[in-house]
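The values are calculated or read from the model by the stated rules, or taken from the named source; none is laboratory data. No experiment lies behind these values; they were computed from the predicted model shown. Positions of Cβ are generated from backbone atoms using ideal geometry, with glycine treated the same way; all protein chains shown enter the neighbour counts. What goes into the accessible areas is simple: the full protein's heavy atoms, side chains included, and nothing from ligands, DNA or RNA. Shrake-Rupley method; radii C 1.70, N 1.55, O 1.52, S 1.80 Å.
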Amino acid sequence: MMPNKKTPAPSTDTVEIIKSEVKPSGLEKMRVTGGNRLNGSIRISGAKNAALKHMCASLLTDEPLHLENMPTGLQDVRTLAELLSHLGVTIALRQDSVATLHAGTIQSHVAPYDLVRKMRASVIVLGPLLARHGKAEVSLPGGCALGARPVDLHLKGFQSMGATIELDGGYIKATAPKGGLMGAEIVFPFVSVGATENLMMAATLANGATVLKNAAREPEIVDQGEALIKMGAKITGLGTPEIRIEGVKKLHGATHCVVPDRIETGTYMCAVGLCGGELRLQNTRTDFLSSLIAPLKEAGMDIRQEGDDVIVKRNGGKLKGVDIMTEAYPGFATDLQAQFMTMLTLCDGAGMISETIFENRFMHVPELCRMGANISIKGNSAIIRGVEKLKGAEVMATDLRASVAMVLAGLVAEGDTIINRIYHLDRGYENIVEKLTAVGAKIERVR
Ligand code: UD1
């Protein structure tokens, strides 16, 4: 079945072709005035962490890839578009959440430091470039300041497929064997989202079969695999710890609709937990958030699916403290840890959070404490004892999810909260000011 090959290119009247860096607005702070309940509807965007990988997959074919439900307003999408455009991909990002990427020819196999340092996910171009072009040079990534975050699993995987890897001048220089990458059995010592995705993409064009064992099972990986299948890849076992990819000679163009963003969905759920009220989260699902919804319900919230929407409610008194531990999917997502912790700052009793995925992911804790929260950290665990109220303050955050935690805290704190360095927020939350304003929050960008 190849219904996607003939999809016409979108009309060009609203198309924005990415050529150069998006200029910052100059409004680099946010002011949040707390105290309002949240009521109304928020439309959930396509998942950032799926969208970025789909964009990289466009490198695997010389035909256009059309993506719907794309969070085209995200800074990370624009940063990656800039990098891909440098590699030779023609890109159109439309305001109506449609993107087209066409890698007719690969013009460069070098992902330079200047572009990669802004976003760690850039390392995902390595697999597709190696598979289609036979070589790739990618600067070692930057991105969120979440501890060491190595890419050794990616590199070992490529080596198992016959690639030669060299580290030189801060660059990963990878070369495929003469006849192209070879299928291999790759057993990950622990679960890695990025390594699973990078190797799955590389394996689609390899000679023979690749089996990824102890693979990540995140919904975004399933989504990526489904898009690759539409492009002609042969993949089975998506959503299980063992993914099998039978290499093919060529992939073709396709149309794919990006899965909803479960992290954005969960973030707004936590916002309701903190502020109270009722939100209709449109175009999203509960099934991929079971590990968040269970503790939210235990804490006292009401959450249910209604068609394509999710209704989230907290009308009663305080939430009860509950414990969670972050784990690979289907466990509690590390990307929701900061938001959940913020919610617990006002709980009745106490809750404990253990972070098992990333070191150095409690950077929001000192900032929350400055707003009046009572949190103590021991190793990779934090105890959050509920307090009566938070108070607005000038705060700063150094990663994406910690930044949004500051917004959530500001929504419920007494007085004004000024959030500095909102660059991180714009990387991953589409129209956050507009979305929250529409449901009653007082939030604005300021100079
Ligand atoms: C992705 C997500 C990120 C999320 C994370 C975990 C994107 C763009 N980012 O990041 O939002 O928080 O999954 O759900 O999709 N590790 C190694 N060696 C490697 C690779 C990873 O030691 O080669 C370690 C990491 O340092 C980390 C753990 O493995 O401690 C999990 O990382 P991984 O699942 O790879 O996360 P990312 O793909 O970087």
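Measure off 7 Å from each Cα along the Cα-to-Cβ vector at Gln95 and Ala294, then give the distance between these two points in nanometres to one decimal.
4.4
Going by average Cβ neighbours within 10 Å, how do the peptides 319-328, 334-343 rank, with the highest at the top? Before the final figure, lay out each step's value.
Values: 319-328: 18.9, 334-343: 26.6.
Ranking the peptides 319-328, 334-343 by packing returns 334-343, 319-328.
Mean projection of the alpha-carbon convex hull of region 280-420 over all orientations, in nm²?
Numbers: hull surface 32.7 nm².
If you wrap the Cα atoms of region 280-420 in a convex hull and average its projections, you get 8.2 nm².
For region 87-221, would you read off the P(r) tail past 18 Å as a percentage of all alpha carbon pairs?
56
How far apart, in nm, are two points set 7 Å out from the Cα along the Cα-to-Cβ line at Lys213 and at Asn431?
Using points 7 Å along Cα→Cβ, the separation is 4.7 nm.
Using only the Cα atoms of region 347-447, what are the Rg and Dmax in Å?
13.9, 39
Based on DSSP H runs of at least 4 residues, each adding -39500 (n - 2.57), what is the mean residue ellipticity at 222 nm of the chain after dividing by all its residues, to the nearest 500 deg cm²/dmol?
Calculated at 222 nm, the ellipticity per residue is -8500 deg cm²/dmol.
Roughly how compact is the chain, stated as its Cα Rg over 2.2 N^0.38 Å to two decimals?
0.97
Which semi-axes, in whole Å and largest first, does the equivalent ellipsoid of region 59-136 have when worked out from the alpha carbon gyration tensor as the square roots of 5 times its eigenvalues?
Equivalent ellipsoid of region 59-136: 20, 16, 9 Å, largest first.
Take the chain, connect every pair of alpha-carbon atoms lying under 10 Å apart with a spring to form a Gaussian network, then pick out the residue of Met55, Met201, Met352 with the largest mean-square fluctuation.
Its mean-square fluctuation being the largest, the pick is Met352.
Could you please state, rounded to a whole Å, how far the C-alpha centre of region 86-130 is from the C-alpha centre of region 401-447?
The distance from the Cα centre of region 86-130 to that of region 401-447 comes to 29 Å.
Can you give the alpha-carbon Rg of region 271-333 over 2.2 N^0.38 Å, where N counts its residues?
Values: Rg = 11.8 Å, N = 63, 2.2 N^0.38 = 10.6 Å.
Scaled against compact globular proteins, the figure is 1.11.
Which three numbers, in whole Å and largest first, are the semi-axes of the equivalent ellipsoid of region 213-314 derived from its Cα gyration tensor as √(5λ)?
Numbers: eigenvalues 232, 46, 14 Å².
The answer is 34, 15, 9 Å, longest axis first.
Residues of region 122-140 with backbone nitrogen within less than 17 Å of a virtual label 7 Å along the Cα-to-Cβ line of Glu166, please, listed as ranges.
130, 134-140
For region 311-390, take the alpha-carbon Rg, divide it by the Kirkwood Rh, and send me Rg/Rh.
Over the Cα atoms of region 311-390, Rg/Rh equals 0.96.
Springs between alpha-carbon atoms under 10 Å, Gaussian network over the chain: tell me which of Met231, Met269, Met363 tops the mean-square fluctuations.
Ranking Met231, Met269, Met363 by mean-square fluctuation puts Met363 first.
May I have the convex hull volume per residue, in Å³, for the Cα set of region 40-92?
Values: hull volume 4.0 nm³, N = 53.
About 76 Å³ per residue, rounded to a whole number.
Over region 31-122, what percent of the accessible surface lies on carbon and sulfur atoms, probe 1.4 Å?
On the way: 1150 of 2810 Å².
Here carbon and sulfur together make up 41 percent of the probe-accessible area.
Can you tell me the FRET efficiency between Thr398 and Asn315 if r is taken as the Cβ-Cβ distance and R0 is 45 Å, rounded to the nearest 0.05?
Details: r = 35 Å, r/R0 = 0.78.
Taking R0 as 45 Å, the efficiency between Thr398 and Asn315 is 0.80.
Leaving out ligands and nucleic acids, note down the accessible area per residue over the chain with a 1.4 angstrom probe, in whole Å².
38
Between Glu359 and Lys249, with labels modelled 7 Å along Cα→Cβ, what's the label distance in nm to one decimal, could you check?
Those two pseudo-labels are separated by 4.8 nm.
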